[in-house]
Each structure stands twice: as C-alpha cells, then as structure tokens.
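S.K.: I have a structure I would like to understand better, so I am pasting it below and will then ask my questions one at a time.
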Amino acid sequence: MTAAGGLRAERVAELLDQEREVYRRNHPGSERVHREADHLLGGVPFHWVNAYAVPFPLAIAQADGAHLVDVDGNAYHDFGLSGTAAMGGHHGSVLRDIIVSDVPGPGVVTGWTTEDAGPVGAQLAERYGLPRWELALSATEANRAAIRLARAITGRPMLVAFRGAYHGSLEELHAAAPGSAPAAGDAVRMLRFNDPGELAAALADEQVAAVIAEPALTNGGGVALPDPEFAAALNTLTKRHGTILIVDETQSGAAGYRGAGHEFGLEPDFLTLGKSLAAGLPIGALGMREELADAAARVLEVHPGGPWSLAGYGATVTAGPLTLRAARRYLSEVMTPDAYDRMNQLSQELSVRLTQAIARLELPWRISSLGAILGLSFREEPVRDGEGARAPDPVPGLRDYLFIALVNRGVLVGNLGGYIVVSPTNTERDIDAVVHAFEEAVRQLRLP
C-alpha cells in the first residue's frame with residue numbers, strides 16, 4: 001500500500017521493527033529498571049509512561065536545561081519537555097539552589113501560608129491581567145475549581161467544551177473512558193473548534209454555566225489555531241448569554257509571556273494554568289476577574305460545611321512553602337520576557353528549517369506552530385479543529401516510527417501530544433540535531 005507522498009506501509013512497518021530492535025540493544029539499563037518495577041502497574045510509576053512508542057520507557061538519570069541522560073549514558077536533546085511541564089528547561093539548578101541554600105523556613109508543607117504567596121499572586125496578576133488568583137495542585141484541579149465555581153455562580157448546569165482539547169483528567173470531559181460514571185458527560189456539550197455557529201446554538205438556551213477552551217489545540221499531531229471570527233465569538237457570545245469563559249493556558253502558555261489567549265484577543269473570565277509554574281513541582285492556578293472573584297468568595301463563604309471550607313476541589317498539599325518559593329523564583333527569574341523571546345525565536349527557526357526539509361523530501365506534510373510549540377501534520381492544509389489535529393496516520397505506524405527513530409538519534413519529541421516544545425535553554429546545536437535527525441529518519445522512508 002502506498003500513501004500520499006509515495007510512502008509504503010510495508011517500508012514503515014519494516015523500519016519501525018528495525019528501530020525498536022536498535023532501541024532494545026542501546027537501552028539495557030532502562031529495560032532492567034522497567035523489569036524490576038514489577039510492583040508498579042505496568043512497571044511504571046504512572047500508566048502514561050507506557051504510552052510512548054518504544055518497547056519500554058527510558059529511565060532518566062540526569063536532567064539539565066534542555067538535555068537528558070538515561071541510565072545507560074545515552075544523551076538526548078529534549079524537545080518533549082514533559083508536554084510543556086519543563087517548558088523553561090529542566091531546572092535542577094533552580095531547585096538545588098532553593099533546597100540547599102534557600103530552603104523556606106516553614107519547610108515543604110504546613111497547611112498555612114508564607115511570605116512567598118502574595119508575590120506569586122502579584123506576578124500572575126501582572127502577567128495575565130486578571131487581579132485575583134487561587135492556587136491548586138495541578139491544572140486539572142484548577143479546571144475542576146473553575147467549572148464548579150462557574151456552576152455555583154451562574155446557577156446553570158451545562159458546560160461547553162471542544163473536541164480535541166485537553167483539560168486534564170476531569171471525568172465529565174472523558175465520559176467515554178473506562179470506568180466513568182454512566183451519566184458523566186450528560187452536562188457537557190462537546191462542540192467543534194473554530195465553529196462560531198455551533199457555539200451560538202449551544203449557548204442560545206442560556207443553560208450553559210461556562211465555556212472551557214484552549215486558545216489553540218495542541219494535543220494532536222498538528223496545532224489548530226483559532227480563526228479570528230471564532231476568537232471573537234468566544235468573547236461576544238459568552239458575554240451576551242451570561243456564560244463564564246474559562247481559558248485553559250496550561251499548554252498554550254508557551255505562546256508568549258502573557259499566553260496565547262492574549263495573542264488571539266481572548267477575554268477570559270477565568271484563566272487556568274499548570275505544569276511549569278513551579279520549576280517542575282506540582283502546581284496549578286486559577287485567575288479570575290474582580291467581579292467573579294467576589295462572586296466566588298460569596299459561594300465559598302456560605303458553603304454548608306462551613307465558610308471557606310471544602311467545596312469539592314482542592315488538596316491538602318496545595319501551595320506548600322517549597323512550591324511557593326519555586327514558583328516565585330521561576331516566574332521572576334526563569335520565564336522572563338527575554339526567555340519567551342529567545343524560545344520563540346528558536347521555535348521559528350526550527351519551523352522554517354523543518355518546513356524546508358519537508359519540501360526537499362517532496363512530502364505533503366505541514367509544520368504548524370504556537371509560540372514555542374511545533375506540530376507536524378501529514379497533510380498540506382492547515383489544521384483547524386480537533387478532528388484534524390488527531391487525524392490518523394496516512395500509513396499505520398508512521399508517527400511511531402518517527403518518534404522512535406528520533407530517540408535512537410538522540411532527540412526526544414512529544415509522543416502523547418505529538419508535538420515539539422522549544423525551551424529558552426535550547427541552543428543552535430540542539431536545533432541542528434533535531435533537523436538532521438528528522439531528515440535522516442524521513443530519508444529512510446524513501447529507500448527501497
């Protein structure tokens with residue numbers, strides 16, 4: 001079978017088998033670590049680790065900047081960066097400095113607050129333009145809080161989300177997942193991204209408490225950017241119908257210092273963040289407009305369990321002293337405007353060079369970008385929605401082959417999300433490495 005671009009399914013399958021065998025030979029230590037972790041489900045600390053297209057996962061021994069070294073001594077240029085969680089680079093030096101010479105006096109967790117809390121909130125307010133914030137343990141928890149508060153504030157039951165977006169592990173947005181409650185998705189209207197008409201129809205009955213949206217979809221092979229008309233519709237239609245607009249910048253925050261929503265003109269009522277905010281320590285954040293912060297406070301003040309007590313979201317270890325100290329330094333010292341300028345400049349250079357490589361190889365593929373995030377789609381047309389971003393490979397196993405072929409050439413890219421993330425700690429040498437590895441891997445597809 002031959003696909004568009006002249007690729008043969010038999011050749012892809014043959015190369016995939018070859019690369020897997022190379023991987024096995026070069027990673028005996030990682031295989032040992034995986035084999036010996038037999039008391040962990042699937043031999044890994046968390047099942048996502050087994051989703052990578054390799055026979056067994058890498059066991060990492062060192063991480064610094066945009067580079068990793070595994071237990072076998074293999075070195076990697078890291079363009080996966082844990083799905084933007086390590087967007088600023090692997091900040092071992094930042095955390096070492098905090099732990100060794102700048103340990104917060106209160107320790108790791110106390111259940112109270114510290115002097116770092118106020119500055120973290122002020123930094124978030126300045127950066128994202130929303131005056132009030134609440135911290136969480138993860139972006140999933142921040143989204144859960146935003147949705148619950150939106151329903152409590154509006155008194156409405158329904159939620160609108162978009163197919164192909166990712167907002168964490170919320171059950172109602174994964175209603176088809178194994179073990180989900182039978183009615184988990186009954187209060188969610190799933191729409192097509194970039195369809196203003198469908199959005200207008202979904203909000204017309206004024207039963208929707210909130211629309212939750214990523215500014216752009218990045219959780220598939222390509223990056224789906226919002227049409228200007230769609231971005232405008234998100235603003236105007238939610239305001240018109242009294243619906244709260246939740247903008248999830250967990251991944252799209254790589255687009256710029258103020259996030260992708262700012263770049264596209266979105267006007268969020270709530271804004272959620274996570275992953276990279278504390279140099280790799282678990283954290284999430286929920287920002288809100290002043291009037292919604294007042295409304296949220298009123299909801300929490302009258303909670304039946306007691307004022308400001310449990311409200312269906314939150315975690316005991318949220319925003320501990322160590323996390324707050326790391327967040328304060330990460331926001332002020334690591335992810336600065338200059339850092340965003342650098343990584344976006346490198347991302348643009350990489351996008352141009354990969355596009356040139358694709359043209360030389362005469363393939364109908366496309367590189368799309370969102371700030372420091374690059375996505376590869378196996379078609380020439382721009383990706384516009386979740387269905388396009390998650391389109392199946394034109395030849396079975398093609399994306400898996402490219403992933404493992406790059407690993408074997410010392411380059412890591414995203415596998416679960418299917419994209420490349422550029423860090424401000426990357427260098428021109430890293431850019432050269434990913435371009436050369438990509439071109440070599442694709443040239444193998446062309447050989448008889």
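S.K.: When a footprinting reagent is the concern and you count Cβ atoms within 10 Å, what order do Val422, Val411, Val299 take, fewest first?
M.R.: Val299, Val411, Val422
S.K.: Averaged over all directions, how much area does the convex hull of the C-alpha atoms of region 36-133 cover when projected, in nm²?
M.R.: 9.7 nm²
S.K.: What does the charge count around Ser369 come to, taking other residues whose C-beta lies under 14 Å from its C-beta (Lys +1, Arg +1, Asp -1, Glu -1)?
M.R.: Around Ser369, the surrounding residues sum to 0.
S.K.: With the chain treated as a Gaussian network of Cα nodes joined by springs under 10 Å, which of Leu170, Leu16, Leu310 yields the largest mean-square fluctuation?
M.R.: Judging by the Gaussian network model, the answer is Leu310.
S.K.: A further question follows. Working from Cα positions, state the angle (0 to 90°, nearest 10) between the long axis of helix 92-101 and the longest principal axis of the chain.
M.R.: 50 degrees
S.K.: Projecting each Cα onto the charge dipole of the chain (Lys/Arg +1, Asp/Glu -1 at the beta carbon, about the Cα centre), which of His27, Gly107, His303 comes out farthest on the positive side?
M.R.: The Cα lying farthest towards the positive end belongs to His27.
S.K.: Here is a follow-up. Given the peptides 177-188, 399-410, arrange them by the average over their residues of other C-beta atoms within 10 Å, most packed first.
M.R.: Packing order, densest peptide first, comes out as 399-410, 177-188.
S.K.: Once the Cα atoms of helix 337-360 and of the chain are each reduced to a long axis, what angle between those two axes, in degrees from 0 to 90 to the nearest 10, is obtained?
M.R.: It works out to around 40 degrees.
S.K.: If you average 1/r across every pair of different Cα atoms in region 93-334 and take the reciprocal, what Kirkwood value do you get, in Å?
M.R.: Radius from the Kirkwood sum: 18.5 Å.
S.K.: As a footprinting exposure proxy, order Trp112, Trp48, Trp365 by other Cβ within 10 Å, with the fewest listed first.
M.R.: In order of increasing Cβ crowding within 10 Å: Trp112, Trp48, Trp365.
S.K.: Relative to the longest principal axis of the chain, what angle (0 to 90°, nearest 10) does the C-alpha long axis of helix 139-154 take?
M.R.: On a 0 to 90 degree scale, this one is about 30.
S.K.: So what is the calculated 222 nm ellipticity per residue for the chain, using -39500 (n - 2.57) for each DSSP H run with n of 4 or more, over all residues, to the nearest 500 deg cm²/dmol?
M.R.: That comes out to -12000 deg cm²/dmol.
S.K.: Same structure, new question: Write down the radius of gyration of the chain and its Dmax, each obtained from C-alpha positions, in Å.
M.R.: My reading of the Cα-based Rg and Dmax gives 22.3, 71 Å.
S.K.: Would you kindly derive the ³J(HN,Hα) couplings of region 364-377 from the backbone phi angles with the Karplus curve 6.51 cos²θ - 1.76 cosθ + 1.60 (θ = phi - 60°), listing them in order in whole Hz, with x for Gly and Pro?
M.R.: x, 10, 9, 9, 10, 9, 9, x, 8, 9, 10, x, 10, 10
S.K.: Report Rg(Cα)/(2.2 N^0.38 Å) for region 306-423, keeping two decimals.
M.R.: Cα-based Rg divided by the globular estimate yields 1.45.
S.K.: Dipole of the chain, Cα-centred, from +1 at each Lys and Arg C-beta and -1 at each Asp and Glu C-beta, to the nearest 20 debye?
M.R.: 280 debye
S.K.: Dipole size in debye (nearest 20) for region 93-334 around its Cα centre, Lys and Arg Cβ +1, Asp and Glu Cβ -1?
M.R.: Charge dipole of region 93-334: 280 debye, to the nearest 20.
S.K.: Give the residues of region 52-70 whose amide nitrogen is closer than 18 Å to a point set 7 Å from the Cα of Asp97 in the direction of its Cβ.
M.R.: Only 63-67 fall inside the zone, counting backbone N under 18 Å.
S.K.: Output wanted: per-residue J couplings in Hz (rounded whole) for region 195-205, from phi through Karplus 6.51 cos²θ - 1.76 cosθ + 1.60, θ = phi - 60°, x for Gly and Pro.
M.R.: These are the phi-based 3J(HN,Hα) values: 10, x, x, 5, 5, 4, 5, 5, 8, 4, 7 Hz.
S.K.: Follow-up. Once phi is turned into θ = phi - 60°, what whole-Hz ³J(HN,Hα) does the Karplus curve with 6.51, -1.76 and 1.60 give for every residue of region 432-448, x standing for Gly and Pro?
M.R.: 4, 4, 6, 5, 5, 5, 4, 5, 5, 5, 6, 4, 4, 5, 7, 6, x
S.K.: Tell me, Thr154, Thr272, Thr236 in order of fewest to most beta-carbon neighbours within 10 Å?
M.R.: Placing the least packed residue first, the sequence is Thr236, Thr154, Thr272.
S.K.: Towards the positive end of the charge dipole of the chain, with charges on Cβ (+1 Lys, Arg; -1 Asp, Glu), say which of Leu68, Ser252, Ala293 has the farthest Cα.
M.R.: Projecting each Cα onto the dipole axis, the largest value belongs to Leu68.
S.K.: Same structure, new question: GNM on the chain, C-alpha springs below 10 Å: top fluctuator among Arg189, Arg325, Arg298?
M.R.: Maximum fluctuation in the GNM of the chain, among the listed residues, is at Arg298.
Values quoted throughout were computed directly from the atomic coordinates according to the rules given, and no laboratory measurement underlies them. Here the structure is a predicted model, which means the values were calculated and not measured. With ideal geometry, Cβ positions are generated from the backbone for all residues, glycine too; neighbour counts draw on all protein chains shown.
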